[in-house]
1. How far is helix 32-48 tilted off the main Cα axis of the chain, in degrees rounded to 10, range 0 to 90?
2. How much net charge surrounds Pro22 when only other residues with a Cβ under 13 Å from its Cβ are counted (Lys, Arg +1; Asp, Glu -1)?
3. For the range 86-149, rounded, prolate or oblate, judged on the Cα gyration tensor with a ≥ b ≥ c (square roots of eigenvalues), a/c < 1.5 rounded, else prolate if a/b > b/c?
4. Taking the 0 to 90 degree range and rounding to the nearest ten, how far is the long axis of helix 156-167 tilted relative to the main principal axis of the chain, both from C-alpha atoms?
5. Rounded to the nearest 10 degrees, what's the angle between the helix 215-233 long axis and the longest principal axis of the chain, both from Cα atoms, 0 to 90?
6. Would you please classify the overall shape of the range 1-135 from the alpha carbon gyration tensor, given that a ≥ b ≥ c denote the square roots of the eigenvalues, rounded means a/c under 1.5, and beyond that prolate means a/b larger than b/c while oblate covers the rest?
7. Could you work out what % of the accessible surface of the chain is carbon and sulfur, using a 1.4 angstrom probe and leaving DNA, RNA and ligands out of the count?
8. With n ≥ 4 as the cut-off for DSSP H runs, can you work out [θ] at 222 nm for the chain, using -39500 (n - 2.57) per run divided by the number of residues, rounded to the nearest 500?
Amino acid sequence: VEITRTRGSAPRETGAIMIVTPKAIQGTIGGGQLEYMAIDRARQMLARGETQARMDVPLGPEIGQCCGGRVELALTRITEAPAAPEHPVVQIFGAGHVGRALSRALALLPLRPILIDQRADELALARGETILTPLPETEIRNAPFGTSFIVLTHDHALDFLLASEALRRMDAPYIGMIGSQTKLAQFRRFARAQGLDTDRLTCPIGAGHSRDKRPEVIAAFTAAEIIGRLTQTIPEFHKHSCDN
């Protein structure tokens, strides 16, 4: 089930996809009565052997929704679910309290967080995908196209090295570093000496929302910051994320 056109206010964007089987669904086209109607129609198609159908649904009182817009859907019978897309990679450097909290927060989003550190004991406390390496800067150089980078290690000198390496990646949609305005000023002098433009760097990360410094709070605001940036700057992000 794919949204092919929206007019006015709608719960999801054009291109959003939902896979319907006789007993399960994968993805969403926005929930509510619109989604219930689409699921019901899709299962009718499966039962009857139909291959294609279209729906034009006004999102008003007649179906119990108040969006006020209109959504057109294309329903196509498929023999197997499409392959799951690769989520955008976010490399997190530093497996301390904030790094581990951020890894957990990003894992709830259509992203692929990877926690990277030189310390095996800190990585052992983490969940999800991790990389133990004595040379974390090489992970930045070898990262997939469009990877985002977040730097929050236990060492300011290492932070500066990694942030500089990330700024050399012109394809990175988000580059962030934990710190303060003082640390940012110091880094700018350091980066200027290397001919690097620091305008693309977000530092401090997750700032300006709360004075609460607990790792989980910093991670929550940083996760919102990252997903906000990615959904603005990656053209195919919406289409990819809805496929899961």
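The values are calculated or read from the model by the stated rules, or taken from the named source; none is laboratory data. Keep in mind it's a predicted model, so treat the numbers as computed, not measured. Neighbour counts run over all protein chains shown; Cβ positions are idealised from the backbone, glycine included. These area figures cover heavy atoms from the full protein model, side chains too; ligands, DNA and RNA do not enter into them. Shrake-Rupley method; radii C 1.70, N 1.55, O 1.52, S 1.80 Å.
1. The angle comes out at about 60 degrees.
2. Details: positive: Lys23, Arg43, Arg48, Arg77; negative: Asp40.
Once positives and negatives cancel, what remains is +3.
3. On the way: a/c = 2.21, a/b = 1.10, b/c = 2.01.
Oblate, since a/c reaches 1.5 and b/c is not below a/b.
4. That helix lies at roughly 50 degrees to the long axis.
5. 60 degrees
6. Prolate, because a/c is 1.5 or more and a/b exceeds b/c.
7. Numbers: 6610 of 12790 Å².
C and S atoms contribute 52 percent here.
8. Numbers: 8 runs with 87 residues, N = 244.
Value at 222 nm, helices only, nearest 500: -11000 deg cm²/dmol.
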